[in-house]
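See structure below.
The values are calculated or read from the model by the stated rules, or taken from the named source; none is laboratory data. Given the structure is predicted, the values throughout are model-derived calculations rather than measurements. Glycine also receives a Cβ, built like all others from the backbone with ideal geometry; neighbour counts cover every protein chain displayed. SASA here: full protein model, heavy atoms, side chains in, ligands and nucleic acids out. Shrake-Rupley method; radii C 1.70, N 1.55, O 1.52, S 1.80 Å.
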Amino acid sequence: MITDINQLDLNKTYSYADYLTWQFQEKLELLRGKIFKMSPAPSTTHQRISMELAGVLYNFFKPHPCNLFAAPFDVRLLAKKKATLHQEIYTVIQPDLCVICDDSKIDERGAIGAPDLVIEILSPGNSNKEMKYKFDLYEEAGVLEYWIVNPADKTVFIYVLKDNEFIGMHPLIEEDSIQSKLFPELDFKLESIFN
């Protein structure tokens, strides 16, 4: 039994089946089978933005059939072969916020398959992971819309999946309104989440 993260070989490739057996407190994600330690507790700014966004999204999606989830919430992304056995799943992530409209993707352990909308909030130390590794994973898995929120610059970058590739929208700054391409009625002023 693995009770300490230091018992793991960080160079080894792990599956979701392995992940389920670990009995330690550290939070981590599996990206293509490789362990990525999650940042220490998010900053106050990160948490404020997350809560503001969660409030806006909760109010918007409450009358809709879609589900909003906030971290920590395991999302198992499937490889192109659509493996569903625990030992065949190599990516387990915890997006800051995600929206899933297909109830069949939700189970008691989290979600299996691509969310419709994923929102990641950058923190010092996780920018490379969110901007490069997760971007590629979300695109490959079929996430329909991906928002990257940068608290330092008070900017948001929206990527929409088209023909299996993310297309970047015009960057948004604090004075702008943000409108989801996937959910066009989701439209609000960015300053409301940054203040």
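Taking the Cα centre of the chain as the origin, how large is its charge dipole in debye, to the nearest 20, when only Lys and Arg (+1) and Asp and Glu (-1) carry charge on their Cβ atoms?
Values: 20 positive and 29 negative charges, 94 e Å.
Dipole size: approximately 460 debye.
Given an 8 Å cut-off on Cα distances and at least 6 residues of separation, report the relative contact order of the chain as a percent.
This gives 16 percent for the chain.
Could you tell me the accessible area of S127 in Å² (1.4 Å probe, neighbours in place), rounded to the nearest ten?
Accessible surface of S127 is approximately 40 Å².
Extending each Cα 7 Å along its Cβ direction at N195 and D4, get the distance between those two points in nm, one decimal.
In this crude spin-label approximation the distance works out to 5.0 nm.
Rounded to the nearest 0.05, what FRET efficiency do D136 and K12 give with R0 = 22 Å and r taken as the Cβ-Cβ distance? Could you check?
Efficiency at R0 = 22 Å is approximately 0.55.
On a C-alpha basis, how far is the centre of segment 119-195 from the centre of segment 12-56 in Å? Whole number, if you could?
Each part reduced to its Cα centre gives a spacing of 18 Å.
Quick one: Karplus J couplings for segment 109-116, per residue in order, coefficients 6.51, -1.76, 1.60, θ = phi - 60°, nearest Hz, x for Gly and Pro?
9, x, 9, 10, x, 6, x, 6
Per residue, what accessible area does segment 31-157 have, given a 1.4 Å probe and all protein chains present, in Å²?
The answer is 48 Å² per residue.
Between the helical axis of 44-61 and the dominant principal axis of the chain, each derived from Cα atoms, what acute angle in degrees is found, rounded to the nearest 10?
Roughly 70 degrees between the two axes.
What is the gain in length, in nm to one decimal, between H64 and S177 on full extension, counting 0.36 nm per residue of separation less the C-alpha to C-alpha distance?
Extra length available between H64 and S177 comes to 38.5 nm.
Residue separation times 0.36 nm, minus the C-alpha to C-alpha distance between D153 and D103: what's the value?
Answer, rounded to one decimal: 14.5 nm.
Can you send over the carbon and sulfur percentage of the accessible area for the chain, probe radius 1.4 Å, protein chains only?
Exposed carbon and sulfur together represent 50 percent of the surface.
Taking a cut-off of 24 Å, what percent of all Cα-Cα pairs in segment 40-189 are separated by more than that?
28
Taking amide H positions as placed 1.01 Å from N in the peptide plane, with prolines and chain starts having none, which residues 5 or more places from I178, or on another chain, fall under 5 Å of its amide H?
It is F188, K189, L190, by chain and number.
Compute and list, largest first, the equivalent-ellipsoid semi-axes of segment 3-116 from the alpha carbon gyration tensor, each √(5λ) rounded to a whole angstrom.
26, 20, 10
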